[in-house]
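Here the structure comes first, spelled out in structure tokens, and everything after it is commentary.
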Amino acid sequence: MISSQRQHLILSRLRTRGAVRITALSKELGVSAMTIRRDIADLADKGLLKRVHGGAVTTSTLLSEPLFSVKSQMDIGLKDAIAQEAIKYVAPGDVIAIGGGTTAYVFAQHLLESQQSSGITILTNSIPVAELVQALESKDVEVIVTGGVTTRSNSLVGPIADKVVASLRVNTVFLGTHSVSIPRGFLMPNSLEAATDMALMDIADRTIILTDHTKWSCTSLSLFARFDQVDTVITDDGLDPDSVGKTRDLVKELVLAHQTEQMQESE
């Protein structure tokens, strides 16, 4: 198969899935990962897609929220590394909140497998996170679900969610973000989801943002947090030095999670 045929197929997969992974395309087309990377680079140069770690997304996903099933297939190694750092901010018995999105979901997975989850209570507007807790054989973890209107990312948002959140209090809230804008802050494409994230921040003693380095190159419409409203940002060490320096100047704490060799190979 020549390059133009491969690139046509890549674009076709993007139209139906919203995102593609290099490893999956390499197996499907029977070519090396390096060949797929070159094809993706060529398409990115033409403005037909956006490169992300481990694959590509359609340019149309930059201003709209991708489906949870699409996002969950991207940047898995980065999310694992971020999650491993994030669980250090939870102590047994804590009352925490976990927002929507796949990075927060991966954090919840790692947390529930750790000793830090002992006796904790989780407030969440994420349907997948609530299902994770319900699937536990141990009933040592309590989950409170906000209710509300569902989004493409399987989050519960809107006035019902916000009213439930406002009546509670948590030690720490862990939130994902669709994009990071310097010097503005953290943004979502869904204004209702942004409002619910703000409500979660209002009831938390501490706010932690979980996001991989690719979010610094995205854009969104609705601001939900300024840098000075966030206590800690946990990202991966793939963030470029210029963004690292600018972000450190704006936020109280920036943590760069390091991917292990095993994580990198899985990409």
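The values are calculated or read from the model by the stated rules, or taken from the named source; none is laboratory data. Computed from a prediction, not measured in an experiment: that's the story for all the values here. FYI the Cβ positions are ideal-geometry reconstructions off the backbone, even for glycines, and counts take in every protein chain you see. What goes into the accessible areas is simple: the full protein's heavy atoms, side chains included, and nothing from ligands, DNA or RNA. Shrake-Rupley method; radii C 1.70, N 1.55, O 1.52, S 1.80 Å.
Is there a residue being in a strand (DSSP E or B) and open to solvent by 10 Å² or more (accessible area, probe 1.4 Å) anywhere in the range 226-246? Checking the range 226-246: not a single residue is in a strand (DSSP E or B) and open to solvent by 10 Å² or more (accessible area, probe 1.4 Å).
In the range 236-255, what residues are of a type in the set (G, A, S) and in contact (Cβ under 8 Å) with a residue 24 or more places away in the chain? Once the filter is applied, which keeps residues that are of a type in the set (G, A, S) and in contact (Cβ under 8 Å) with a residue 24 or more places away in the chain, the range 236-255 yields G238, S243. Scanning the range 249-259 for residues that are within 20 Å of the chain's Cα centre (by Cα) and either at pLDDT 95 or above or surrounded by fewer than 13 Cβ atoms within 10 Å (Cβ to Cβ) (or both) returns V251, E253, L254, V255, L256, A257, H258. The residues in the range 193-218 that are open to solvent by less than 10 Å² (accessible area, probe 1.4 Å) and either touching an Asp or Glu at 6+ places or on another chain (Cβ under 6 Å) or outside any loop (DSSP other than H, G, I, E, B) (or both) can be counted, and the count is 10. A count restricted to the range 194-219 and to residues that are of a type in the set (D, E, K, R) and within 14 Å of the chain's Cα centre (by Cα) stands at 3.
For the range 175-212, the set of residues classified as within 17 Å of D249 (Cβ to Cβ) and in contact with a helix residue (DSSP H, G or I) (Cβ under 9 Å, 6 or more places away or on another chain) consists of V180, S181, I182, P183, R184, G185, F186, listed by residue number. Tallying residues that are under 23 Å from W216 (Cα atoms) and in a helix (DSSP H, G or I) within the range 39-54 yields 6. Under 7 Å between Cβ atoms, which residue pairs at least 6 apart in sequence (or on different chains) link something in the range 195-218 that is touching a residue at least 60 places away in the same chain (Cβ under 8 Å) with a partner that is surrounded by fewer than 18 Cβ atoms within 10 Å (Cβ to Cβ) and in a helix (DSSP H, G or I)? Here the result reads I203/A166; C218/L62, each pair linking the range 195-218 to a residue that is surrounded by fewer than 18 Cβ atoms within 10 Å (Cβ to Cβ) and in a helix (DSSP H, G or I).
Across the range 131-146, the qualifying residues are those that are farther than 19 Å from G100 by Cβ and open to solvent by less than 80 Å² (accessible area, probe 1.4 Å), and the one among them that is modelled with the highest pLDDT is D140.
Is it the case, given these coordinates, that V180 is assigned by the TED database to the domain that holds W216 and more than 22 Å from V233 (Cβ to Cβ)? Taking the combined requirement at face value, the residue does not satisfy it.
Conditions (1) assigned by the TED database to the domain that holds A104; (2) modelled with pLDDT of 90 or more; (3) of a type outside the set (V, I, T); (4) surrounded by fewer than 15 Cβ atoms within 10 Å (Cβ to Cβ), marked per residue:
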residue	(1), (2), (3), (4)
S32	no, yes, yes, yes
R37	no, yes, yes, no
A41	no, yes, yes, yes
K46	no, no, yes, yes
R51	no, no, yes, no
G55	no, no, yes, no
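One line per residue, one yes/no per condition, for (1) open to solvent by less than 10 Å² (accessible area, probe 1.4 Å); (2) within 23 Å of K79 (Cα to Cα):
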{"position": "A108", "(1), (2)": "yes, yes"}
{"position": "L111", "(1), (2)": "yes, yes"}
{"position": "S118", "(1), (2)": "no, yes"}
{"position": "V129", "(1), (2)": "yes, yes"}
{"position": "V165", "(1), (2)": "yes, no"}
{"position": "L175", "(1), (2)": "yes, yes"}
{"position": "V180", "(1), (2)": "yes, yes"}
{"position": "S191", "(1), (2)": "no, no"}
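In the range 204-213 there is no residue that is farther than 23 Å from G55 by Cα and out of contact with any strand residue (DSSP E or B) (no Cβ under 8 Å at 6 or more places or on another chain).
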